[in-house]
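Some notes on the structure that comes next.
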Amino acid sequence: MNKSVGRAVSRLPCRLIQNRKESKAMNIQINRWKILIASTIINICVGAIYAFSIFAMPLTNVFHVTMPEIMLAFTINAAISPIPMILGGKLVDKGGAKTAIILGGSMFGLGFILSGLATAPWMLYITYGVITGLGQGIVYSATIGNSVKLFPDKRGLAAGIVTAGYGGGTIVIAPIANSIITSNGVQFALITLGIAFLVVILSCSFLVKACPAGFIPAGWAPPAAAGPNKGGINIPWNEMIKKPIFYVIASLFLIGALSGMMVTSNASVIGQTMFGLTPATAALFVSLYSLSNCTGRVFWGAISDKIGRTKCLMMIYIVIAAMMLTIALSTSVAGFAVAIVGIGLCFGGTMGIFPSIVGEKFGMKYYGVNYGVTFIGYSGAAFFGPRIANTVAAANGGQFTNAFYIALVISLVGFALTFMFQAMDKKKQTSTTTSKVA
């Protein structure tokens, strides 16, 4: 008996030390806002990927090829996005957010430089399509994953801000790229921007610190009931994909991003062919759409922290349907402007809300990889959205009206699907509570 007591007493110091370490990890002080700002600046750089239309036309003249041949580089870039998202997420889950940003940022900048040195379209497919695409996905995954982990109390807002940088990249980079192309040519522009991206991303990476394990912001206590994850549930990707709710979430992601991708790839063309805008005026509307996209990420992310993700999604799908009806029926520039702003806000909201949904439904331990896998929903939207719009327009004399009606119906399907998501989530919460009581 005395020996047992002695052994128990001898273990007390070790347990006290372990508890102190855990307490210190849970309450460690870290300037998370500085990290969020640095991550947002980094995302502005990698968000330049969506400014490819600025380079596309000049590149057709350089290589003497058609636009579809050049645009294939962008298609490859979008198609491979889940791969680097998962790779970057794996690094984040192991505490390697900074490593992921340095690795991905180096690839991204190098890809731009090599694109400027390309002498044939197939080289562009490798440099811009693969190298830049891999780098962009790794960086994006790292900045989002780390930021969401740093802000368990404001997940929607943090995801909204950091993804707003990505959505706003086109606003910042497009005029700079256009100015360089006008004065020095498209290849010089790609090389110059690649060097600039390397400098900015690698410099900002030194301000990024990985979120410590078990991090809890000062002055904030985790809520007593936080849905299915309240018991500390952390589900790895191979278990996540066995759950029906995962496929509902991925489908909601695809539906929410589909209309946005339809407009992202065709905003200028729609403005010119359907509303009689000049190329210069249409370019202003593209900037307006990008600004709305950027704003929507912060706006809807913050609102979702207040009223819940599901209610926000319901509102987003209804607004998308209304905006698609508006753009389909409108014959005025004012109607086009309203629709562009509404669609942009909702597309941004989709991109700002789903990072939080993945973290809340499947836990934060494996968040990086889990979000990368769920990002397949966005990749599907990036693949199908532009193709639906262009195929329908080609079959209707360049008019996109029927494509808007298709997007309207799909958005209503998304609205209906949110009720299934809500029911499945409630059922999951109930079963979790029951198992705990038992």
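Dividing the mean sequence gap of close Cα pairs (under 8 Å, 6+ apart) by how many residues the chain holds gives a relative contact order of 23 percent.
Which net charge results when you count Lys and Arg as +1 and Asp and Glu as -1 among the other residues whose beta-carbon is under 15 Å from that of residue 305?
Values: positive: 154, 155, 297, 306, 309, 311; negative: 153, 360.
Neighbour charge sum, excluding residue 305 itself: +4.
Cross-link check: pairs 34/306; 34/242; 34/94; 34/243; 94/311 evaluated at a Cα-Cα cut-off of 30 Å; pairs beyond the cut-off: 34/242; 34/243; 94/311.
Extending 7 Å from the Cα toward the beta-carbon at both residue 416 and residue 120 defines two label points whose distance is 5.0 nm. The convex hull of the Cα atoms of the chain, projected and averaged over all directions, covers 23.5 nm². Compute the separation of the alpha-carbon centres of the range 258-301 and the range 129-185 and state it in Å as a whole number. Their Cα centres are 18 Å away from one another.
Between residue 394 and residue 284, what FRET efficiency comes out of the Förster formula 1/(1 + (r/R0)^6) with R0 = 25 Å and r the beta carbon distance, rounded to 0.05?
Details: r = 26 Å, r/R0 = 1.04.
Result of the calculation: an efficiency of 0.45.
Considering all projection directions equally, how large on average is the shadow of the alpha-carbon convex hull of the range 31-212, in square nanometres?
Details: hull surface 36.7 nm².
Mean projected area for the range 31-212: 9.2 nm², to one decimal.
Where does helix 52-63 land angle-wise versus the long Cα axis of the chain, in degrees 0 to 90, nearest 10? The angle comes out near 50 degrees. Between helix 67-79 and the chain there is an angle of about 10 degrees, using the helix long axis and the longest principal axis of the Cα atoms.
Run the helix sum for the chain: -39,500 (n - 2.57) per DSSP H stretch of 4+ residues, divided by residue count, reported at 222 nm to the nearest 500 deg cm²/dmol.
On the way: 20 runs with 349 residues, N = 438.
Dividing the helical sum by the residues of the chain leaves -27000 deg cm²/dmol.
To the nearest 20 debye, what charge dipole does the chain have about its Cα centre, counting +1 at the Cβ of each Lys and Arg and -1 at the Cβ of each Asp and Glu?
Values: 30 positive and 8 negative charges, 488 e Å.
Rounded to the nearest 20 debye, it is 2340 debye.
Packing, taken as the mean count of other beta carbons within 10 Å per residue, orders the peptides 339-346, 319-326, 185-192 from highest to lowest as 339-346, 319-326, 185-192. The modelled label-to-label distance between residue 179 and residue 199, using points 7 Å beyond Cα along the C-beta direction, is 1.4 nm. Label-to-label distance, residue 221 versus residue 330, with points set 7 angstrom from Cα along the beta-carbon direction: 4.9 nm.
Readers should treat all values here as calculations from the given coordinates under stated rules, not as data from a laboratory. Quantities reported herein were computed from a predicted structural model and do not represent experimental measurements. So basically every Cβ, Gly included, is an ideal-geometry build from the backbone, and we count neighbours across all protein chains shown.
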